[in-house]
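**Student:** Take this structure, written in structure tokens, and hold onto it; I'll ask about it next.
The values are calculated or read from the model by the stated rules, or taken from the named source; none is laboratory data. What you see is a predicted model, and the numbers here were worked out from it, not measured in a lab. Ideal geometry is used to build each Cβ from the backbone, glycine not excepted, and the neighbour counts take in all protein chains shown.
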Amino acid sequence: MPSIDPLYSQLINTLKGILKDQKMTYSELSERLGCSESSIKYTFRKKDGSVSSLNQICEAIGVSFSDLVIKAVNEEPVVSRYSQEQENFFIEKINYFYFFDELLVSGCNLNWIRSKYKLSEASIRKYLAKLEDLQLLEVHPKDRIKLIVKPPINVFKGSELYKVLAREYSTRFLNHVFPVLGDDSKTFLRIRSGRLSEKGMDIICRGLQEQCDQFDKVGGQDELAFNHERLNDFNMLIVVSKSLNIIHEIPEI
């Protein structure tokens with residue numbers, strides 16, 4: 001069965017909570033599974049694993065794997081924040097932010113990042129050294145990386161880093177979307193203009209926020225349930241703003 005790293009720990013933490021609610025010990029669980037207590041402890045201690053092993057535990061405690069995934073996704077996570085020093089550095093060197101973000105997404109899989117971005121070993125070491133200096137991570141022997149600032153990480157909406165990222169992502173996103181319109185069945189674009197009251201605008205924004213929440217929820221469920229290689233990168237950009245008084249320029253002729 002496929003590995004579900006890097007979100008395996010999220011599922012394990014949810015399982016621990018279920019066992020606690022059921023007042024079930026590792027010893028009792030090992031008896032139900034027909035294995036040693038030490039192997040159960042190892043399963044709950046390691047940082048990655050397989051869907052099949054988690055599914056066996058779910059069957060033993062009377063919980064479906066799909067319910068476990070939904071519960072894990074819906075649990076309120078402990079949200080981390082970047083320090084001001086870290087944000088200031090990312091603003092100046094945005095490529096370091098992208099590298100760290102890829103570490104988070106890939107479960108600190110350096111081979112995957114090295115292959116995806118064709119990075120040299122020297123560049124990899126420079127990125128890691130600076131991120132370690134910023135106290136975002138620790139690099140251990142055999143390329144084992146321990147995150148100090150752990151996901152999910154919130155970038156404050158009004159911060160300068162948020163503005164830089166919003167500008168970067170939206171520009172790259174639109175530069176990608178428009179050339180492939182009509183050629184990519186997975187690209188969905190709709191443009192609307194109209195006149196709305198403030199109340200009408202609030203209704204529209206609430207509906208769009210629900211779509212964003214749905215995107216996050218489905219994405220979280222898929223990341224937990226599918227192997228990394230079976231997932232594709234998708235982006236969603238939603239912008240609603242008051243129009244300029246003059247949208248188009250019509251020159252004198």
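**Student:** Just for the stretch 191-227: of the residues that are assigned to a helix (DSSP H, G or I) and touching a residue at least 60 places away in the same chain (Cβ under 8 Å), which one is farthest from Y8 (Cα to Cα)? Give the derivation first.
**Tutor:** Going through the stretch 191-227, the residues assigned to a helix (DSSP H, G or I) turn out to be 198-225.
This time we only want the ones that are touching a residue at least 60 places away in the same chain (Cβ under 8 Å), so: 217, 220-221, 223-225.
Values: K217: 17, G220: 12, Q221: 12, E223: 10, L224: 7, A225: 10 Å.
Selected residue: K217.
**Student:** Turning to a different aspect of this structure: For the stretch 122-169, name all the residues that are surrounded by 16 or more Cβ atoms within 10 Å (Cβ to Cβ) and part of a helix (DSSP H, G or I).
**Tutor:** Once the filter is applied, which keeps residues that are surrounded by 16 or more Cβ atoms within 10 Å (Cβ to Cβ) and part of a helix (DSSP H, G or I), the stretch 122-169 yields I124, Y127, L128, L131, L161, V164, L165.
**Student:** While we're here: So, G107, is that one modelled with pLDDT under 90, buried (at least 17 other Cβ atoms within 10 Å of the Cβ) and among the small types (G, A, S) or not? I'd like the intermediate steps shown before the answer.
**Tutor:** On the way: modelled with pLDDT under 90: yes; buried (at least 17 other Cβ atoms within 10 Å of the Cβ): yes; among the small types (G, A, S): yes.
For G107, the condition - modelled with pLDDT under 90, buried (at least 17 other Cβ atoms within 10 Å of the Cβ) and among the small types (G, A, S) - is met.
**Student:** Restricting attention to the stretch 85-108, does a residue exist that is out of contact with any Lys or Arg (no Cβ under 9 Å at 6 or more places or on another chain) and not in a helix (DSSP H, G or I)?
**Tutor:** no
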